[in-house]
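Here the structure comes first, spelled out in structure tokens, and everything after it is commentary.
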Amino acid sequence: MKQIFLSLALLFGFITLASAQNVNLKVGDPAPNFKLQGTDGKTHQLSDSKGKRAVILAWFPAAFTKGCTIECKSLAENGDKIRKFDVTYFMASVDPIEKNTEFAHATTVKMGDLEVMKNKADFPLLSDPTKETAKAYGVLSERGYANRWTFYIDPNGKISAIEKTIKPDTSAEDMLNKLAELKVPMAKTAH
């Protein structure tokens, strides 16, 4: 009897893990709410923007890696252009908040023998060390990192676009083009 119970528990665990990994959100689906700590010292929730403005959630694999550094730099250098739209935007990873905070505030990042200069992030990076939000969005890879996917969420909390092919060096320009394509209104005041 003990062996049957253990086998059933193990099977249920595998089924739960498989179903969490197989989340397949689509345009028009409600975006899963999140409550994640940001590098600005605040806790951010999707529900805080509901009925107010669009939200961009740009998942990235890991702080201090080449592609993620380039993407963060692109967004930081173009933050003034992104903020012209009525949108709140974040980068998010499964890194702990301490690592993301160090990454967000770094001005020089070493990658082997190469030193890459990057601007300080002028937007919050969110941390999901439990990986629950990454699972809810279906971005958690088999290696335990988030896939580099960007979710555009309308003010009603519905997914309006999902980008799964992100080019780190043009991420800000691509984001600006997508905001225009989605007809996200321009901000009335700076936020």
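What follows is calculated from the coordinates using simple rules that are stated; it is not laboratory data. Here the structure is a predicted model, which means the values were calculated and not measured. A quick note on method: Cβ atoms are made from the backbone with ideal geometry, for glycine too, and the neighbour counts reach across all protein chains shown.
Observations on the model:
- Highest mean packing first, where packing is the average number of other Cβ atoms within 10 Å per residue, the peptides 150-162, 23-35, 76-88 line up as 150-162, 76-88, 23-35.
- P(r) tail fraction, the stretch 26-181 - alpha-carbon pairs more than 27 Å apart, %: 14
- E98/K158 FRET efficiency (R0 35 Å; Cβ-Cβ; nearest 0.05): 0.55
- Summed residue charge, Cβ within 13 Å of I166's Cβ, Lys/Arg positive, Asp/Glu negative: -1
- Residue (of G157, G41, A134) at the positive-pole extreme of the stretch 26-181, dipole from beta-carbon charges: G157
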